[in-house]
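As C-alpha cells, the structure follows; a few thoughts come after it.
The values are calculated or read from the model by the stated rules, or taken from the named source; none is laboratory data. What you see is a predicted model; the values in this text were computed from it and never measured. Using ideal geometry, Cβ is built from the backbone for each residue, glycine included, and neighbour counts are taken over all protein chains shown. Quick note on the areas: whole protein, heavy atoms, side chains included, nothing else; ligands and nucleic acids left out. Shrake-Rupley method; radii C 1.70, N 1.55, O 1.52, S 1.80 Å.
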Amino acid sequence: MNYNIALLRGDGIGPEIVDSAVRVLHAIGQKYGHSFTCTPYLIGGAAIDAVGEPLPKETVEGCLKSDSVLLGAVGGPKWDSLPGNLRPEKALLGIRAALGLFTNLRPARLYPALKDACPLRESVASSGFDIMIVRELTGGIYFGDRGYREGKYGEEAYDTECYSRFEIERIARVAFETAKKRGSKVTSIDKANVLETSRLWRRTVHEVAKEFDGVECVDMLVDNAAMQLVKNPAQFDVIVTSNMFGDILSDEASQITGSIGMLPSASLNETSRGLYEPIHGSAPDIAGKGIANPIATILSAAMMLRHSFSLAAEADDIENAVDSALNAGLRTADIAERGADYLSTSQMTDEIIKRL
Ligand code: IPM
Ligand code: MG
C-alpha cells in the first residue's frame, strides 16, 4: 500500500526532526511492504520568507490532497514582530481550522528509563504516570472574536472564549471513547467557578458521560489541575479540556516526563486524515546544530500509522524501538545527564531504525 504524506517541515529544528521521522517511516515501510510518498509544502516563517504569507493556499490544498500530514514546528525570533495575522503561529491555527482538526491527543507518559530526568520528587515519580490529554483544538479563545477598541481607559484589546454544546459534545465523546480503551477515567478540566463557557462545558460533559457506562467522570478546576499534575500525576488517565487550558497543561505534563522533546501529538477530525506533530516548538536556539531530539516527531509518525492508516503493528514497532534505544541508555542532549555523552539527531535516528 502507498500512502501520501504532506510534510510541513516549518522552522528552526522542524526540518531536522521531520527528516528523521521520514527516515524512520521509510525504514518501517521497507520492513512491512508499504511505501510512503512524502511531498513537502511551505509553512510558517519559511513560507513568509519564500512567498510572503505563513500558510500559502498550495499548502492547504496539498494537505487536503494527502492521506495525512506530518509537521515539524513553526516560528522563531525572526518573525516575532510581525502583526498577529502574519505570524508563523497563525499558519498552525489556519491549518488546524482548514482540516477541521477538533481533537488533539497529547500522550504524556513517564518512561521508566527517564525517571532520573523527571523533576518530581522520587516518591511521586516512582509511581509513574500515563496520561492522555484530549485537547479541543478548533474552538474556544483561540478562534473567538478578537480585536482592539477604545475602552474606559483608552486603547484596549480583547479575545473571546466561546464554546457550543456541539463542540463540547464531540470532544467529550472522543475523551470517553479513549478512556474506555485505557484506564476508564476522564478528568474534565474547566474553570466553572468563574466562566460561563466552563459551566456549559461541565454540564455537557456530564450528559455525554451518561452514554459511557463504566467510565468514571471527574471534574477539576484548572488551577487545581495545574497543582495536581505535579503533586499526584498518577491520578490522571484521560484529561479532556478546552483549547487554551489544554495548551498550557500539556506543556506542564511534558515537563514532568523529563523533556518536552519526547512528546508526540495527533490532531484529528472525523476522517482518517490527521496532522501529526511534536508538541514542542521550533527551538531556534539549537536549530541547525544537529542536536535536537527527534523522538517526539518519530513518535508522532507512529501515531500517524496507528490513527490514520490503521497500521498498529508498525506503530508498536516504532514505539518499541524508541523504548529499546532509551533502555540501552542512548540519549540526546536534552535528556542526557549533565556532562554525559549524547547522540546527535541523526545518530539517535539511526539507533531507532536499527531497533525496528
Ligand atoms: C501548541 C503550540 C501552539 C498552540 C502555538 C504555537 C500556536 O503552543 O501546539 O501547543 O498554542 O496551540
Ligand atoms: Mg503549546
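Miscellaneous remarks
- Computed from the C-beta positions of K181 and E53 and an R0 of 41 Å, the FRET efficiency is 0.55 to the nearest 0.05.
- Ranking of D19, D317 by solvent-accessible surface, largest first: D19, D317 (1.4 Å probe, protein heavy atoms only, all chains present).
- Taking the alpha carbon gyration tensor of the chain, multiplying each eigenvalue by 5 and rooting it gives semi-axes of 30, 26, 21 Å, largest first.
- The label point for Q255 and the one for E122, both projected 7 Å from the Cα toward the Cβ, are 2.3 nm apart.
- Calculated FRET efficiency, N320 to E196, Cβ-Cβ distance, R0 = 51 Å: about 0.65 to the nearest 0.05.
- Of E277, E207, E319, the residue with the greatest mean-square motion in the GNM of the chain, using alpha carbon springs below 10 Å, is E207.
- Sequentially through the stretch 257-265, phi angles give Karplus couplings (6.51, -1.76, 1.60; θ = phi - 60°) of 7, x, 7, 5, x, 9, 9, x, 8 Hz, Gly and Pro residues having no value and appearing as x.
- Once the convex hull of all Cα atoms in the stretch 35-149 is built, its volume per residue stands at 190 Å³.
- Remark: the stretch 149-160, residue by residue, has Karplus-estimated 3J(HN,Hα) of 7, 8, x, 4, 10, x, 4, 9, 10, 9, 9, 10 Hz, where x stands for each Gly or Pro and the curve is 6.51 cos²θ - 1.76 cosθ + 1.60 at θ = phi - 60°.
- Amide H contacts of E216: K185, V186, each under 5 Å away and 5 or more positions distant or on a separate chain (H built 1.01 Å from N in the peptide plane; Pro and chain starts excluded).
- Rolled with a 1.4 Å probe across the full set of protein chains, the surface gives V51 an accessible area near 80 Å².
- Selection from Y148, I295, L268, by position along the positive dipole direction of the chain (Cβ): L268
- Top of V322, V194, V230 by mean-square fluctuation, Gaussian network on the chain, Cα under 10 Å: V194
- About the Cα centre, charge dipole magnitude for the chain (Lys/Arg +1, Asp/Glu -1 at Cβ), debye: 420 debye
- Most fluctuating residue given options S66, S272, S123, as computed from a GNM of the chain linking Cα atoms under 10 Å: S123
- The stretch 140-204 and the stretch 316-344: distance between their alpha carbon centers, rounded to Å: 37 Å
- Cα-based Lys proximity count in the stretch 144-283, under 29 Å, for pairs eight or more positions apart or on separate chains: 11
- For trypsin sites (Lys or Arg not before Pro), the sites in the stretch 172-219 that DSSP calls loop and that have at most 16 other Cβ atoms within 10 Å are K181, R182, K210.
- Taking N as its residue count, the alpha carbon Rg of the stretch 226-317 over 2.2 N^0.38 Å: 1.19
- Apolar share of the accessible surface for the chain: 51 percent from carbon plus sulfur atoms, 1.4 Å probe.
- Amide H contacts of V74: D11, S282, each under 5 Å away and 5 or more positions distant or on a separate chain (H built 1.01 Å from N in the peptide plane; Pro and chain starts excluded).
- For the chain, the antiparallel share of DSSP beta bridges with both residues in that region comes to about 40%.
- Centroid-to-centroid separation of the stretch 1-66 and the stretch 261-312 [C-alpha atoms, Å]: 11 Å
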